[in-house]
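Below: the structure, in structure tokens.
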4 protein chains.
Amino acid sequence: MERHIDDTLDLVVAYRTLADHRILDAYGHVSMRHPERTDRFLLSRALAPELVTVDDIMEFDLESQPIDKRGRDLYSERFIHGEMYKSRPDVFAVVHNHSPTIVPFSITPDVKIKPVSAVTSFIGLGVPTFEIRDFQRGADMRIITNELGRNLASVVADKPAALMRGHGAVIVAKDVPTVVAWSVYLEVAAQQLFQAMLMAGPGGRVITLDDSEVAAVQKRQEFGRPWNLFRTKVLKQMEAEKRAL
Amino acid sequence: MERHIDDTLDLVVAYRTLADHRILDAYGHVSMRHPERTDRFLLSRALAPELVTVDDIMEFDLESQPIDKRGRDLYSERFIHGEMYKSRPDVFAVVHNHSPTIVPFSITPDVKIKPVSAVTSFIGLGVPTFEIRDFQRGADMRIITNELGRNLASVVADKPAALMRGHGAVIVAKDVPTVVAWSVYLEVAAQQLFQAMLMAGPGGRVITLDDSEVAAVQKRQEFGRPWNLFRTKVLKQMEAEKRAL
Amino acid sequence: MERHIDDTLDLVVAYRTLADHRILDAYGHVSMRHPERTDRFLLSRALAPELVTVDDIMEFDLESQPIDKRGRDLYSERFIHGEMYKSRPDVFAVVHNHSPTIVPFSITPDVKIKPVSAVTSFIGLGVPTFEIRDFQRGADMRIITNELGRNLASVVADKPAALMRGHGAVIVAKDVPTVVAWSVYLEVAAQQLFQAMLMAGPGGRVITLDDSEVAAVQKRQEFGRPWNLFRTKVLKQMEAEKRAL
Amino acid sequence: MERHIDDTLDLVVAYRTLADHRILDAYGHVSMRHPERTDRFLLSRALAPELVTVDDIMEFDLESQPIDKRGRDLYSERFIHGEMYKSRPDVFAVVHNHSPTIVPFSITPDVKIKPVSAVTSFIGLGVPTFEIRDFQRGADMRIITNELGRNLASVVADKPAALMRGHGAVIVAKDVPTVVAWSVYLEVAAQQLFQAMLMAGPGGRVITLDDSEVAAVQKRQEFGRPWNLFRTKVLKQMEAEKRAL
């Protein structure tokens, strides 16, 4: 494998950060496109996010087949990642989660997630909902084939994310810092919009960002400051773990 | 006693994990059927869950009498466990809790808990509510006799769980990892369904898993990944406690 | 001073435990009647609860005057404690807090806190609301005189607790373990009743404990198990603090 | 630079405390007026609040230009601070945050934040909402010029705080302990009022502090006790960080 240790470490930071923020529990995963080969991506072996280390990161082709399995268990839903990278050349990082306040938005078809603030403005680019019943009846809810992965990717289309009914969400972005920040702030938006809706009451006014505001934020926003925080904290955490051994 | 240290350790992991997830506070308990004698079960002496160690685990017969009491205090509600093992040969692990978001579901008779996602799909097998007034007026709310234990078991019947009005829940499963995961995800389902109901409003649409989806998930689902996480964390925690002495 | 170190330590455990459970933040306090002199009580000097140590505990008479001030700052609302001990010979421990989910119950006069479960059943004995406007217009909200303390005690009367409008609550009990557990479970009841009310909707059914159930629980309930947990944790915490010095 | 180390340390305590209380996440900032020059203020370089140390504090003039940049990154919204100090000679400390329960109040124009208790009584002095659309269409939501800073300051006027629509809040006070406490308790008020509104239902009664109560509290309230707690905890935390190196 040709990957840089630093990129792999970024992926570990992403796993740990999403677990720390309770965006991932024992399930869910994050991947990045291979930094030197656009036809491959990096993803952990099947493992709870907060346990992932550099040694657990594996390489996959865009069919979501491992390059060098060596007997390791694989996430059954790795096809989400492969198909997103295949259909979206602009995407270099993917999160699949079951973020606690997002699941309820996925099962209430008459309620839409909206951008409530600048950090959540990417939602204004569109967050459709994937209904697995449109593609498979009596599903076990998982995306465990390339075909289901393609179905999901067709719903995501050119958007930054999709909710998955009765399941969670998929978030796609140009790099790891952005996909992590968007995953965190998608959950934040859900919490804040939920509260605003209840306070406003049925038919009450809730002011979300308009298209011109969304466009203005998207033009300039990057997430260097949170990423610096997340990376610093995870590296400290990993240092402490090493010392405890 | 003939039990394997490893099984006992699993039970300690279950206690600590349920306390960590705030499924148990100072009260509530988890048991497992004796690995070598189906007419016995293992349960801690009366102790707050997060304090339980291997040395606190005791052996009981199916009348919920201790095999070797040695002056230790017993949980007054141990009869829940004995009667569940007696009536359900398929059950090898039992949790009794007062999970924070579940209690409100137990006291709102017109609101039903539902499976909102794959990890909560076992709820689709049925979660009835036990009303102690149907069996005893002016109860002190506890299951402190074999008769009350039998009453509760008759309401659980062949289901994976029952809510207990003004009290909490009982969850039963084929093994410790499953009963712990189901206990965690029953609470998660309650949180997410509560939010979805409020967002949808009275009469609004909330899409829960249908019977074919529940059946498809049940056919394949096991909880090896969360169990690996829980076990890893508790063992690390116990190591740290030992070092601190 | 004649007090036993062990009783004083219990009071420190109470302060720390209530801070750990976020029943107290930087404000609020807990006292106990002097173990050997019923005309005195023990209370910390003015200090945030999680910082309280054995050395901070002071002795007061029932007028809430310090026996031996030695220049230390005093809680301005210590009169709550003195007047409760004066009016209630059966009371040996008092908590005053601004528990987060309780404050909203104090300002919604048409909503009543109710016992939702066995651990919260003491609420069924009655929890009136103290409206300071009934005694003082333009108040700064605090109980900073013996007269205001007597006013509050007159509203508490023979009950285990009272809410204080726009302020918090006072909880009184026969001993420290009970007053701590009741303070924790008053907050839990508020959280669970809030959820149940919202789920049931206006006019919907919420089943709380009836008088016979409340009476049955009160006859037997003590809080030895949570107290053992709380004490164990605080002592461990204090040990760790000592080692860190 | 002439500043006292102690004042700078206070600012670090403010950053860490607001992060600990989740009033600030990776974003947001707190400043203080220079203790010896009223035409300058102190603010961290662009950094996530929980990472700020004494070495990161920089000095700015009231145009929000750094006195001695030395290549460091600057918060893009530092103009909030400069313009508040310029327009309000009585202000010596400023917080800008995106406090989680406050954002929903900023986007629900028909819902007003109110003082629910003594610690939140400053809200009774008035908390207007800044709508950036009144000053700039298609904004990227940030206060990144002196002009936008002046616009915001004109909405704050003589009040202790303003909400910022789809963004967060600005809080101004006479010193660092007060601005930190007000920031914490603005969030607490939002949580408690949200709950009270839902419990009372549409048109239901919620009793907030009246003007005479607000005035009486304002006359005497200071936040020495929480500040002592916050300072003690952060200093301990910084000691532990030093030891870990």
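Subtracting the Cα-Cα distance of A:Asn228 and A:Arg70 from 0.36 nm times their residue separation leaves 53.5 nm of extension gain. Pairing chains C and D buries close to 2900 square angstrom of accessible surface in total, based on protein heavy atoms and a 1.4 angstrom probe. Can you give the calculated 222 nm mean residue ellipticity of the protein assembly as shown, where each DSSP H run of n ≥ 4 adds -39,500 (n - 2.57) and the sum is split over every residue, rounded to the nearest 500 deg cm²/dmol? Value at 222 nm, helices only, nearest 500: -12500 deg cm²/dmol.
What sits nearest the axis between copies B and A, counting only chain B Cβ atoms, is the residue and whole-Å distance B:Leu198, 4. Accessible area per residue for chain D is 38 Å², calculated with a 1.4 Å probe on protein heavy atoms, without ligands, DNA or RNA.
Pairs of Cα atoms nearer than 8 Å and 6+ residues apart set the relative contact order; for region C:106-223 it is 37 percent. Look at where the Cα atoms of region C:75-125 and of region A:1-58 average out, and the two centres are 50 Å apart.
Neighbours of A:Gly149 by Cβ distance under 14 Å: Lys/Arg scored +1, Asp/Glu scored -1, total 0. Looking at region D:35-70, the trypsin sites (Lys or Arg not before Pro) that sit in a DSSP loop and have at most 10 other Cβ atoms within 10 Å of their own Cβ are D:Arg70.
Listed values for region B:122-137 are Karplus-derived 3J(HN,Hα) couplings in whole Hz (6.51 cos²θ - 1.76 cosθ + 1.60, θ = phi - 60°), namely 4, 4, x, 6, x, 10, x, 10, 8, 9, 5, 4, 5, 10, 8, 8, and x replaces Gly and Pro. Taking 30 Å as the cut-off for C-alpha to C-alpha distance, list the pairs among B:Lys112/C:Lys159; A:Lys114/D:Lys236; A:Lys112/B:Lys219; B:Lys86/B:Lys114; A:Lys236/C:Lys242 that go past it. Beyond 30 Å: B:Lys112/C:Lys159; A:Lys114/D:Lys236; A:Lys112/B:Lys219.
Just check region C:2-94 against the gyration tensor rule for me: Cα atoms, a ≥ b ≥ c as the square roots of the eigenvalues, rounded for a/c under 1.5, and otherwise prolate or oblate depending on whether a/b exceeds b/c.
Rounded.
Spatial offset of region B:144-159 relative to region C:184-209 amounts to 26 Å, using the alpha carbon center of each. Take A:Glu36, push a point 7 Å out from Cα through the beta-carbon direction, and compare it with the same point in every other copy: 5.6, 5.6, 7.9 nm, smallest first. Residues in region B:225-236 carry Karplus couplings, in order, of 5, x, 4, 4, 5, 4, 4, 4, 5, 5, 5, 4 Hz; the curve used is 6.51 cos²θ - 1.76 cosθ + 1.60 with θ = phi - 60°, and Gly or Pro positions show x. Find out how many positive minus negative residues lie around D:Arg22, taking Lys and Arg as positive, Asp and Glu as negative, among other residues whose Cβ is under 14 Å from that of D:Arg22. Net charge in that neighbourhood comes out at -4.
B:Arg88 sits among other residues whose Cβ lies under 11 Å from its own Cβ, and their net charge, with Lys and Arg +1 and Asp and Glu -1, is +1.
Could you rank the peptides C:79-91, D:206-218 by their average count of other C-beta atoms within 10 Å per residue, with the highest value first?
C:79-91, D:206-218
Approximating the spin labels as points 7 Å out from Cα along Cα→Cβ, the C:Asp175-to-B:Ser212 distance works out to 6.1 nm. In terms of its C-alpha gyration tensor, region C:82-202 has an oblate overall shape, because the principal axis ratio a/c (a ≥ b ≥ c, square roots of the eigenvalues) is not below 1.5 and a/b does not outweigh b/c. Computed from Cα positions, the angle between helix A:211-220 and the longest principal axis of chain A comes to roughly 30 degrees. Taking 0.36 nm per residue of separation and subtracting the current Cα-Cα distance, fully stretching the chain between D:Glu36 and D:Asp6 would add 9.5 nm. Summary for A:Pro89: label point 7 Å along Cα→Cβ; distances to the equivalent points in the other copies, ascending, 6.4, 6.4, 9.0 nm. Length available on full extension from B:Glu131 to B:Val54: 0.36 nm per residue minus the Cα-Cα distance, which gives 24.3 nm. Summarising the label geometry, the points placed 7 Å from Cα in the beta-carbon direction at C:Gln221 and B:Ala157 lie 3.2 nm from one another.
Normalising the average separation of contacting C-alpha pairs (under 8 angstrom, six or more residues apart) by the number of residues puts the relative contact order of chain D at 21 percent. Eigen-decomposition of the gyration tensor built on the alpha-carbon atoms of region C:185-245 gives equivalent ellipsoid semi-axes of 37, 19, 5 angstrom, largest listed first. Computed with a 1.4 Å probe on the full set of protein chains, the accessible area for D:Thr101 sits at about 20 Å². The same position A:Lys112 in the other copies lies at 3.2, 3.2, 4.5 nm from this copy, comparing label points 7 Å beyond Cα toward the beta-carbon, shortest first.
The values are calculated or read from the model by the stated rules, or taken from the named source; none is laboratory data. Remember, it's a predicted structure, so these values are computed and weren't measured experimentally. When we count neighbours, we look across all protein chains shown, and the Cβ atoms used for this are built from the backbone with ideal geometry, even at glycine. For the accessible areas, the whole protein counts, side chains as well, though only heavy atoms, and no ligand, DNA or RNA atoms are used. Shrake-Rupley method; radii C 1.70, N 1.55, O 1.52, S 1.80 Å.
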